[in-house]
Ligand code: A3P
(Lines give C-alpha, C1' and ligand atoms only; values in the text may rest on other atoms or scores of the structure.)
Protein backbone atom coordinates (compact mmCIF):
# COMPACT_ATOMS: atom_id res chain seq x y z
CA UNK A 1 0.00 0.00 0.00
CA UNK A 2 2.87 2.32 0.87
CA UNK A 3 4.41 1.99 -2.59
CA UNK A 4 1.10 2.65 -4.29
CA UNK A 5 0.48 5.70 -2.18
CA UNK A 6 3.86 7.19 -2.98
CA UNK A 7 3.43 6.22 -6.62
CA UNK A 8 0.14 8.05 -6.79
CA UNK A 9 1.58 11.10 -5.10
CA UNK A 10 4.28 11.34 -7.76
CA UNK A 11 1.77 11.67 -10.55
CA UNK A 12 1.21 15.02 -12.14
CA UNK A 13 -2.16 16.30 -13.26
CA UNK A 14 -2.76 19.30 -15.48
CA UNK A 15 -4.48 22.64 -15.17
CA UNK A 16 -4.88 24.39 -18.54
CA UNK A 17 -2.04 22.32 -19.95
CA UNK A 18 0.36 22.99 -17.07
CA UNK A 19 1.48 19.87 -15.16
CA UNK A 20 1.22 20.32 -11.41
CA UNK A 21 1.35 17.97 -8.45
CA UNK A 22 -1.88 15.96 -8.27
CA UNK A 23 -2.64 17.15 -4.73
CA UNK A 24 -2.38 20.77 -5.92
CA UNK A 25 -4.77 20.13 -8.80
CA UNK A 26 -7.18 18.38 -6.44
CA UNK A 27 -7.22 21.55 -4.36
CA UNK A 28 -7.40 23.92 -7.31
CA UNK A 29 -10.68 25.70 -6.53
CA UNK A 30 -9.45 26.65 -3.06
CA UNK A 31 -6.21 27.95 -4.59
CA UNK A 32 -7.96 30.04 -7.24
CA UNK A 33 -10.24 31.58 -4.62
CA UNK A 34 -7.30 32.67 -2.50
CA UNK A 35 -7.83 36.16 -1.14
CA UNK A 36 -4.74 38.29 -1.52
CA UNK A 37 -4.40 41.54 0.41
CA UNK A 38 -2.98 44.82 -0.92
CA UNK A 39 0.05 44.66 1.34
CA UNK A 40 1.04 41.10 0.35
CA UNK A 41 4.46 40.51 -1.14
CA UNK A 42 4.62 37.43 -3.34
CA UNK A 43 7.93 35.73 -4.10
CA UNK A 44 7.61 34.20 -7.56
CA UNK A 45 10.02 31.78 -9.22
CA UNK A 46 10.18 28.95 -11.67
CA UNK A 47 11.41 25.91 -9.66
CA UNK A 48 15.16 25.77 -9.00
CA UNK A 49 15.75 29.43 -9.75
CA UNK A 50 16.89 30.51 -6.31
CA UNK A 51 13.63 30.48 -4.34
CA UNK A 52 15.26 29.46 -1.07
CA UNK A 53 18.01 32.00 -1.56
CA UNK A 54 15.65 34.95 -2.12
CA UNK A 55 13.42 33.74 0.75
CA UNK A 56 16.35 33.88 3.15
CA UNK A 57 17.31 37.34 1.86
CA UNK A 58 13.77 38.70 2.16
CA UNK A 59 13.42 37.22 5.63
CA UNK A 60 16.66 38.79 6.81
CA UNK A 61 15.64 42.16 5.37
CA UNK A 62 12.23 41.94 7.04
CA UNK A 63 13.95 41.28 10.37
CA UNK A 64 16.61 43.97 9.87
CA UNK A 65 19.41 41.42 9.75
CA UNK A 66 18.51 39.87 13.10
CA UNK A 67 19.69 36.28 12.65
CA UNK A 68 17.94 35.03 15.80
CA UNK A 69 14.57 36.23 14.58
CA UNK A 70 15.04 34.59 11.18
CA UNK A 71 16.29 31.33 12.56
CA UNK A 72 13.26 30.25 14.51
CA UNK A 73 11.61 28.11 11.85
CA UNK A 74 12.77 26.20 8.80
CA UNK A 75 12.71 28.14 5.55
CA UNK A 76 9.84 26.09 4.07
CA UNK A 77 7.57 27.34 6.86
CA UNK A 78 8.42 31.02 6.72
CA UNK A 79 6.49 32.02 3.60
CA UNK A 80 3.30 30.09 2.82
CA UNK A 81 3.50 28.31 -0.54
CA UNK A 82 0.20 29.27 -2.17
CA UNK A 83 -0.37 26.17 -4.30
CA UNK A 84 0.99 23.70 -1.75
CA UNK A 85 -1.44 20.97 -0.77
CA UNK A 86 -0.59 17.73 0.92
CA UNK A 87 -3.40 16.58 3.15
CA UNK A 88 -3.64 16.14 6.08
CA UNK A 89 -1.13 19.00 6.45
CA UNK A 90 -2.68 22.48 6.25
CA UNK A 91 -2.57 23.76 2.69
CA UNK A 92 -0.61 26.82 1.61
CA UNK A 93 -3.87 28.75 1.30
CA UNK A 94 -4.86 27.82 4.84
CA UNK A 95 -1.46 28.79 6.22
CA UNK A 96 -1.51 32.12 4.39
CA UNK A 97 -5.03 32.85 5.61
CA UNK A 98 -3.93 32.28 9.19
CA UNK A 99 -0.93 34.58 8.85
CA UNK A 100 -0.96 38.17 10.14
CA UNK A 101 -0.32 41.00 7.65
CA UNK A 102 1.87 42.22 6.11
CA UNK A 103 2.36 38.79 4.58
CA UNK A 104 5.18 37.42 2.49
CA UNK A 105 4.06 34.48 0.37
CA UNK A 106 5.57 32.38 -2.37
CA UNK A 107 4.56 30.61 -5.55
CA UNK A 108 5.94 28.83 -8.61
CA UNK A 109 2.79 29.47 -10.64
CA UNK A 110 2.98 30.98 -14.12
CA UNK A 111 1.07 34.27 -14.50
CA UNK A 112 -1.95 32.67 -16.18
CA UNK A 113 -2.57 30.38 -13.20
CA UNK A 114 -2.07 32.89 -10.40
CA UNK A 115 -5.15 33.41 -8.19
CA UNK A 116 -6.80 36.56 -9.69
CA UNK A 117 -6.98 38.43 -6.38
CA UNK A 118 -3.22 39.03 -6.55
CA UNK A 119 -3.75 41.19 -9.66
CA UNK A 120 -6.92 42.80 -8.29
CA UNK A 121 -5.11 43.88 -5.13
CA UNK A 122 -2.04 45.15 -6.93
CA UNK A 123 0.29 43.14 -4.74
CA UNK A 124 4.05 43.38 -4.90
CA UNK A 125 5.75 40.62 -6.84
CA UNK A 126 9.39 39.66 -6.48
CA UNK A 127 10.40 37.46 -9.40
CA UNK A 128 13.75 35.66 -9.59
CA UNK A 129 14.75 34.16 -12.95
CA UNK A 130 17.60 31.75 -13.65
CA UNK A 131 19.03 30.82 -17.04
CA UNK A 132 17.32 27.83 -18.62
CA UNK A 133 20.34 25.56 -18.87
CA UNK A 134 21.35 25.76 -15.22
CA UNK A 135 17.71 25.55 -14.26
CA UNK A 136 17.34 22.31 -16.20
CA UNK A 137 20.42 20.79 -14.55
CA UNK A 138 19.29 21.81 -11.09
CA UNK A 139 15.77 20.50 -11.71
CA UNK A 140 17.13 17.19 -13.00
CA UNK A 141 19.09 16.60 -9.79
CA UNK A 142 16.16 17.81 -7.72
CA UNK A 143 13.75 15.38 -9.35
CA UNK A 144 16.26 12.59 -8.74
CA UNK A 145 16.36 13.29 -5.01
CA UNK A 146 12.75 14.41 -4.52
CA UNK A 147 10.72 11.29 -3.83
CA UNK A 148 7.34 12.95 -4.33
CA UNK A 149 8.05 14.28 -7.83
CA UNK A 150 8.25 12.06 -10.93
CA UNK A 151 11.54 10.27 -11.53
CA UNK A 152 13.46 12.27 -14.18
CA UNK A 153 14.88 9.20 -15.96
CA UNK A 154 18.27 9.58 -17.62
CA UNK A 155 19.77 12.97 -18.37
CA UNK A 156 19.02 12.42 -22.08
CA UNK A 157 15.39 11.69 -21.29
CA UNK A 158 15.09 14.63 -18.95
CA UNK A 159 16.56 16.97 -21.55
CA UNK A 160 13.54 16.21 -23.77
CA UNK A 161 11.05 16.35 -20.91
CA UNK A 162 12.29 19.78 -19.82
CA UNK A 163 12.20 21.19 -23.35
CA UNK A 164 8.66 19.93 -23.86
CA UNK A 165 7.62 21.52 -20.56
CA UNK A 166 6.26 18.27 -19.16
CA UNK A 167 7.76 19.02 -15.77
CA UNK A 168 6.02 20.23 -12.61
CA UNK A 169 4.89 23.87 -13.12
CA UNK A 170 5.25 23.56 -16.89
CA UNK A 171 7.65 25.07 -19.41
CA UNK A 172 10.47 27.34 -18.22
CA UNK A 173 10.15 29.40 -21.42
CA UNK A 174 6.54 30.53 -20.95
CA UNK A 175 6.99 31.06 -17.23
CA UNK A 176 9.85 33.48 -17.64
CA UNK A 177 8.34 35.23 -20.68
CA UNK A 178 4.99 35.60 -18.93
CA UNK A 179 6.36 37.32 -15.84
CA UNK A 180 8.79 39.44 -17.85
CA UNK A 181 6.01 40.71 -20.11
CA UNK A 182 3.97 42.21 -17.27
CA UNK A 183 6.89 43.60 -15.26
CA UNK A 184 5.96 47.23 -15.99
CA UNK A 185 2.23 46.80 -15.57
CA UNK A 186 2.39 45.68 -11.95
CA UNK A 187 4.68 46.33 -9.03
CA UNK A 188 7.30 43.77 -9.94
CA UNK A 189 10.95 43.58 -8.99
CA UNK A 190 12.55 41.28 -11.54
CA UNK A 191 15.88 39.78 -10.47
CA UNK A 192 18.30 37.32 -12.02
CA UNK A 193 20.10 34.52 -10.20
CA UNK A 194 23.22 35.31 -12.21
CA UNK A 195 23.22 38.96 -11.08
CA UNK A 196 22.89 37.77 -7.51
CA UNK A 197 25.96 35.59 -7.99
CA UNK A 198 27.86 38.47 -9.58
CA UNK A 199 27.02 41.20 -7.08
CA UNK A 200 24.84 40.03 -4.23
CA UNK A 201 24.99 43.25 -2.27
CA UNK A 202 23.74 45.29 -5.18
CA UNK A 203 20.77 42.96 -5.75
CA UNK A 204 19.99 42.88 -2.02
CA UNK A 205 19.89 46.68 -2.04
CA UNK A 206 17.22 46.54 -4.75
CA UNK A 207 15.15 44.21 -2.58
CA UNK A 208 15.57 46.45 0.47
CA UNK A 209 14.34 49.41 -1.55
CA UNK A 210 11.46 47.41 -3.04
CA UNK A 211 10.35 46.35 0.44
CA UNK A 212 10.36 49.99 1.51
CA UNK A 213 13.13 49.41 4.04
CA UNK A 214 16.21 51.35 4.92
CA UNK A 215 19.11 49.36 6.32
CA UNK A 216 22.55 50.57 7.19
CA UNK A 217 25.72 49.35 5.63
CA UNK A 218 26.72 46.96 8.43
CA UNK A 219 23.33 45.25 8.33
CA UNK A 220 23.54 44.94 4.55
CA UNK A 221 27.01 43.39 4.79
CA UNK A 222 25.76 40.95 7.38
CA UNK A 223 22.88 39.86 5.14
CA UNK A 224 25.34 39.34 2.28
CA UNK A 225 27.48 37.11 4.49
CA UNK A 226 24.59 35.13 5.94
CA UNK A 227 23.04 34.38 2.56
CA UNK A 228 26.16 32.99 0.89
CA UNK A 229 25.86 29.51 -0.56
CA UNK A 230 28.33 28.13 1.98
CA UNK A 231 26.43 29.52 4.96
CA UNK A 232 23.08 28.36 3.67
CA UNK A 233 24.42 24.92 2.83
CA UNK A 234 25.59 24.46 6.43
CA UNK A 235 22.45 25.89 7.99
CA UNK A 236 19.86 23.19 8.87
CA UNK A 237 17.11 25.82 8.66
CA UNK A 238 17.86 26.49 4.99
CA UNK A 239 19.43 23.27 3.67
CA UNK A 240 16.31 21.07 4.03
CA UNK A 241 18.24 18.55 6.15
CA UNK A 242 15.28 18.21 8.51
CA UNK A 243 13.03 16.88 5.73
CA UNK A 244 12.74 13.07 5.97
CA UNK A 245 14.71 11.00 3.51
CA UNK A 246 11.46 9.46 2.25
CA UNK A 247 10.67 12.88 0.79
CA UNK A 248 14.07 14.43 0.01
CA UNK A 249 16.90 11.94 -0.30
CA UNK A 250 19.99 14.11 0.05
CA UNK A 251 22.26 11.08 -0.31
CA UNK A 252 21.23 11.09 -4.00
CA UNK A 253 21.86 14.82 -4.44
CA UNK A 254 22.03 17.56 -1.80
CA UNK A 255 19.38 20.27 -1.86
CA UNK A 256 22.16 22.86 -1.68
CA UNK A 257 23.93 21.25 -4.57
CA UNK A 258 26.41 23.65 -6.22
CA UNK A 259 24.83 27.08 -6.38
CA UNK A 260 26.88 28.15 -9.39
CA UNK A 261 26.36 29.63 -12.83
CA UNK A 262 27.45 27.46 -15.76
CA UNK A 263 27.20 23.96 -14.29
CA UNK A 264 25.23 23.12 -17.45
CA UNK A 265 28.61 22.81 -19.21
CA UNK A 266 29.25 19.70 -17.15
CA UNK A 267 25.99 18.15 -18.34
CA UNK A 268 25.14 19.30 -21.89
CA UNK A 269 26.87 17.51 -24.73
CA UNK A 270 27.95 19.65 -27.67
CA UNK A 271 25.05 18.44 -29.76
CA UNK A 272 22.53 18.88 -26.94
CA UNK A 273 23.80 22.41 -26.57
CA UNK A 274 23.38 23.19 -30.26
CA UNK A 275 19.90 21.74 -30.28
CA UNK A 276 18.97 23.60 -27.13
CA UNK A 277 20.23 26.93 -28.48
CA UNK A 278 18.11 26.53 -31.57
CA UNK A 279 14.95 25.61 -29.64
CA UNK A 280 15.67 28.47 -27.26
CA UNK A 281 15.81 30.97 -30.12
CA UNK A 282 12.47 29.74 -31.42
CA UNK A 283 10.70 29.68 -28.10
CA UNK A 284 12.11 32.99 -26.89
CA UNK A 285 11.56 34.88 -30.10
CA UNK A 286 9.97 38.27 -29.60
CA UNK A 287 10.88 38.70 -25.93
CA UNK A 288 13.51 41.20 -24.84
CA UNK A 289 14.66 39.21 -21.81
CA UNK A 290 18.38 38.47 -21.80
CA UNK A 291 20.09 35.82 -19.72
CA UNK A 292 23.70 35.29 -18.91
CA UNK A 293 24.70 31.63 -19.01
CA UNK A 294 28.14 31.86 -17.50
CA UNK A 295 30.05 34.37 -15.43
P1 A3P B 1 21.88 24.04 -7.85
O2 A3P B 1 21.08 22.80 -7.93
O3 A3P B 1 22.37 24.50 -9.19
O4 A3P B 1 22.98 23.97 -6.85
P5 A3P B 1 15.24 26.64 -5.37
O6 A3P B 1 15.44 27.17 -4.00
O7 A3P B 1 14.43 27.52 -6.25
O8 A3P B 1 14.77 25.23 -5.35
O9 A3P B 1 16.67 26.66 -6.10
C10 A3P B 1 17.69 25.79 -5.69
C11 A3P B 1 18.97 26.18 -6.38
O12 A3P B 1 19.46 27.42 -5.81
C13 A3P B 1 20.08 25.16 -6.18
O14 A3P B 1 20.89 25.23 -7.36
C15 A3P B 1 20.76 25.71 -4.95
O16 A3P B 1 22.07 25.25 -4.74
C17 A3P B 1 20.76 27.21 -5.30
N18 A3P B 1 20.99 28.06 -4.13
C19 A3P B 1 20.33 28.06 -2.95
N20 A3P B 1 20.85 28.96 -2.10
C21 A3P B 1 21.88 29.56 -2.77
C22 A3P B 1 22.82 30.57 -2.42
N23 A3P B 1 22.84 31.16 -1.22
N24 A3P B 1 23.75 30.92 -3.35
C25 A3P B 1 23.75 30.32 -4.58
N26 A3P B 1 22.88 29.36 -4.95
C27 A3P B 1 21.96 28.98 -4.06
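The values are calculated or read from the model by the stated rules, or taken from the named source; none is laboratory data. Keep in mind that what you see is a predicted model, and the values were worked out from it rather than measured. With ideal geometry, Cβ positions are generated from the backbone for all residues, glycine too; neighbour counts draw on all protein chains shown.
Worth a mention:
- Only one of 167, 219 that is part of a loop (DSSP other than H, G, I, E, B) and more than 11 Å from the ligand (Cβ to nearest atom): 167
- Scanning the stretch 222-261 for residues being within 11 Å of the ligand (Cβ to nearest atom), touching a helix residue (DSSP H, G or I) at 6+ places or on another chain (Cβ under 7 Å) and part of a loop (DSSP other than H, G, I, E, B) gives a total of 8.
- Only a single item in (1) touching a residue at least 40 places away in the same chain (Cβ under 8 Å); (2) in contact with a helix residue (DSSP H, G or I) (Cβ under 6 Å, 6 or more places away or on another chain) is not met by residue 152, and it is number (1).
- Test: residue in the stretch 134-149 that is within 16 Å of the ligand (Cβ to nearest atom), outside any loop (DSSP other than H, G, I, E, B) and in contact with a strand residue (DSSP E or B) (Cβ under 8 Å, 6 or more places away or on another chain): yes
- Test: residue in the stretch 97-105 that is closer than 23 Å to residue 223 by Cβ and within 16 Å of the ligand (Cβ to nearest atom): yes
- Single residue of the stretch 262-283 satisfying the filter (part of a loop (DSSP other than H, G, I, E, B) and within 23 Å of residue 50 (Cβ to Cβ)) that is farthest from the ligand (Cβ to nearest atom): 268
- The residue of the stretch 73-93 that is farthest from the chain's Cα centre (by Cα), among those that are part of a helix (DSSP H, G or I) and surrounded by 15 or more Cβ atoms within 10 Å (Cβ to Cβ), is 93.
- Breaking point among (1) closer than 17 Å to residue 103 by Cα; (2) crowded, with 19+ Cβ neighbours inside 10 Å; (3) modelled with pLDDT of 95 or more, for residue 70: (3)
- Matching residues, the stretch 33-54, being more than 6 Å from the ligand (Cβ to nearest atom) and outside any loop (DSSP other than H, G, I, E, B): 41, 42, 43, 44, 54
- Residues satisfying the stated conditions in the stretch 114-131, i.e. in a helix (DSSP H, G or I) and surrounded by fewer than 23 Cβ atoms within 10 Å (Cβ to Cβ): 117, 119, 120
- Long-range neighbours under 6 Å by Cβ, at least six apart or interchain, first residue closer than 19 Å to residue 194 by Cβ and touching a residue at least 40 places away in the same chain (Cβ under 8 Å) within the stretch 217-243, second part of a helix (DSSP H, G or I) and near the ligand (Cβ under 9 Å from one of its atoms): 227/56; 227/57
- Residues that are in contact with a helix residue (DSSP H, G or I) (Cβ under 7 Å, 6 or more places away or on another chain) and buried (at least 16 other Cβ atoms within 10 Å of the Cβ) within the stretch 206-219 comprise 207, 208, 211, 215, listed in sequence order.
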